[in-house]
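Visitor: Starting off with a structure, shown below.
The values are calculated or read from the model by the stated rules, or taken from the named source; none is laboratory data. Nothing here was measured: the structure is a model prediction, and the numbers come from that model. All Cβ positions, glycine included, derive from the backbone under ideal geometry; neighbour counts span all protein chains shown.
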Ligand SMILES: Nc1ncnc2c1ncn2[C@@H]1O[C@H](COP(=O)(O)OP(=O)(O)OP(=O)(O)O)[C@@H](O)[C@H]1O
Ligand SMILES: [Mg+2]
């Protein structure tokens with residue numbers, strides 16, 4: 001069980017996708033956190049009961065910008081939202097992990113692993129890091145985010161030092177994309193050999 005984390009735009013998804021090409025089983029916490037509040041789910045019903053129907057878009061889906069604005073800077077509201085989402089994400093992750101082969105390498109892409117205090121839940125914690133200027137450049141280029149948006153998100157996340165403190169393996173992503181893939185390949189060999197040694 002591998003926990004893969006890093007700040008916004010550090011390169012987690014790129015590393016996760018590369019590890020998957022080698023045979024890792026991917027569990028994407030962001031994707032699950034959307035799935036547990038998809039239309040028709042008990043999770044969405046709870047969110048609406050708590051925050052009101054204004055958090056729904058016209059299409060009946062959770063309006064992520066609206067809910068984001070409601071909880072941004074309101075710790076109690078954020079906790080209440082997390083209390084709905086986190087246990088459901090955990091339950092789904094556990095169910096997926098329970099169904100894999102015994103020697104599988106399961107890679108959990110968990111952006112807020114450190115913030116949520118989850119490092120002990122994994123056998124290996126892999127942190128992807130990159131200089132914040134590079135992360136900003138890449139996100140502006142590829143994700144259409146503005147610099148203030150990226151900085152606001154970075155401001156709510158753990159620091160590089162906090163992530164480094166729980167890392168078993170650190171992947172440096174200050175270089176080219178090709179260099180990142182090569183680093184991910186090397187990490188795959190390490191994870192495979194750790195899994196085989198168990
Ligand atoms: N070394 C690199 N050189 C150039 N672009 C890169 C490099 N590493 C990642 N990118 C690009 O930067 C963007 C952010 O990378 P990625 O989506 O993997 O980060 P992430 O950590 O998953 O971000 P998030 O926290 O938003 O999920 C992507 O568009 C990716 O293609
Ligand atoms: Mg990602």
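Visitor: Working carefully through the options 64, 88, find the one that is within 16 Å of ligand 2 (Cβ to nearest atom) and not assigned by TED's automatic domain parsing to the domain that holds residue 3.
Guide: 64
Visitor: Looking only at the range 123-140, decide whether some residue is at pLDDT 95 or above, closer than 29 Å to residue 105 by Cβ, touching a strand residue (DSSP E or B) at 6+ places or on another chain (Cβ under 6 Å) and more than 14 Å from ligand 1 (Cβ to nearest atom).
Guide: The answer is yes; a qualifying residue exists.
Visitor: Also: Might you let me know whether the range 9-19 holds any residue that is surrounded by 19 or more Cβ atoms within 10 Å (Cβ to Cβ), touching a helix residue (DSSP H, G or I) at 6+ places or on another chain (Cβ under 9 Å) and on the phi > 0 side of the Ramachandran plot?
Guide: Taking every residue of the range 9-19 in turn, at least one turns out to be surrounded by 19 or more Cβ atoms within 10 Å (Cβ to Cβ), touching a helix residue (DSSP H, G or I) at 6+ places or on another chain (Cβ under 9 Å) and on the phi > 0 side of the Ramachandran plot.
Visitor: Here is a check on your reading of the model: is residue 125 crowded, with 19+ Cβ neighbours inside 10 Å and touching a residue at least 12 places away in the same chain (Cβ under 8 Å)?
Guide: Yes: the conditions hold for residue 125.
Visitor: For residues that are under 16 Å from residue 159 (Cα atoms) and part of a loop (DSSP other than H, G, I, E, B), scanning just the range 3-23, find the one that is farthest from ligand 1 (Cβ to nearest atom).
Guide: 7
Visitor: Which of the residues that make up the range 73-90 are without any contact (Cβ under 8 Å) to a residue 60 or more places away in the chain and either under 16 Å from the mean Cα position of the chain (by Cα) or assigned to a loop (DSSP other than H, G, I, E, B) (or both)?
Guide: Within the range 73-90, 73, 74, 82, 85, 86, 87, 88, 90 meet the criteria.
Visitor: Yes or no: the range 99-114 includes at least one residue that is within 16 Å of ligand 1 (Cβ to nearest atom) and farther than 30 Å from residue 197 by Cα.
Guide: Checking the range 99-114: not a single residue is within 16 Å of ligand 1 (Cβ to nearest atom) and farther than 30 Å from residue 197 by Cα.
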